[in-house]
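Here is the structure we will look at.
The values are calculated or read from the model by the stated rules, or taken from the named source; none is laboratory data. This structure is a prediction, so every number in the text was calculated from the model and none was measured. All Cβ positions, glycine included, derive from the backbone under ideal geometry; neighbour counts span all protein chains shown.
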Amino acid sequence: MKVTRLSDVERGVQRSVAVGTFDGVHLGHREVIAGSDSVLTFDPHPVSVVAPQHTPKLLTTFERKAELIASLGVQELIVIPFDAEFAMRPAEDFISDVLVDVVGASRVSVGENFRFGHRAQGDSRLLAADTRFSTVVHPLLEVDGEVVSSSHIRGLVLAGEVAEANRLLGAPFLLSGEVTRGDARGRELGFPTANLVPDEALACPGHGVYACLADGGPSLSAVVPAAVSIGVRPTFDTGRAELIEAYLLDFDGDLYGRQLRLEFLQRLRGERRFEDPEALIAQMHRDVRRTREIAQPD
């Protein structure tokens, strides 16, 4: 898939384009994108510009969003660098200057709650009234009586309900980052971990232990199961901030300074304080066995 900034778009080409922020690229987004050869999106998230105090914790980095969109067979991802100047554009100018003149839209696909233009004055009705392209407006998708939305999925992730979040995303919730050095507590306990510091801009599962799959790219010969703890390690009173600690099953190697991706499969338990290290070690053995059962089912 080709990724193009709006200023670099090839003109004179007609496109069937899906338009939206698409954080998470969830099942509802996938319905909007289906049948489009191009996707028009915004970076950074518009809320971070127009109302920064309400900026949501994102479900995906831009790179992950692009990866998911590419998996849907889209040919081109067009990115609008969203800033205060762009936010001031009237809705009518967005249609004429962006969708028609630059993108060459012959078909525009949006969700029914899509808003655009200065003060979000543009909506799907304004798009549908324009005869220069056809407009497809998708109703909000419901699953089990609940509207599938980025905000709802974000709440599930923060609550640790990653299995349900994955069902609505249509793909595993993923975190990635550079492996950093910790205090080697896991190694002392017999469970050496690869440690990631949570990105404050991204949604992170609530404190607890999770069954995951770990992908270190060339650093690992294959994707491997990982028992992942998120929290502050209350058993040891370290005083350290929140940390993501991944124990990679059947792996013995050095990942410091390398990028690691964690796909969250299921929450195993909440974070709790143990009476002594021996009790914690016994529980960690149970966590590892359960992780293997989930990540490597027969």
Worksheet item: Would it be correct to say that D93 is over 27 Å from the mean Cα position of the chain (by Cα), of a type outside the set (S, T, Y), surrounded by fewer than 16 Cβ atoms within 10 Å (Cβ to Cβ) and not assigned by TED's automatic domain parsing to the domain that holds Y210?
Response: yes
Worksheet entry | Members of the range 46-78 found to be more than 22 Å from R261 (Cβ to Cβ), buried (at least 16 other Cβ atoms within 10 Å of the Cβ) and of a type in the set (S, T, Y), listed by number | S48
Worksheet entry | Within the range 268-298, tally of residues that are under 19 Å from V223 (Cα atoms) and either modelled with pLDDT of 95 or more or not hydrophobic (A, V, I, L, M, F, W, C) (or both) | 11
Worksheet item: Mind checking which residues of the range 119-138 are of a type outside the set (A, V, I, L, M, F, W, C) and buried (at least 17 other Cβ atoms within 10 Å of the Cβ)?
Response: G122, D123, S124, T135, H138
Response to the item:
From the option list V108, V100, single residue qualifying as assigned by TED's automatic domain parsing to the domain that holds D8 and more than 24 Å from V25 (Cα to Cα) is V100
Item to complete: Please specify each residue of the range 33-57 satisfying the condition of being closer than 15 Å to L99 by Cβ and either assigned to a helix (DSSP H, G or I) or not assigned by TED's automatic domain parsing to the domain that holds P81 (or both).
Response: none
Item to complete: Considering only the range 270-281, state which residues are closer than 25 Å to A163 by Cβ and either surrounded by fewer than 13 Cβ atoms within 10 Å (Cβ to Cβ) or in contact with a strand residue (DSSP E or B) (Cβ under 6 Å, 6 or more places away or on another chain) (or both).
Response: G270, E271
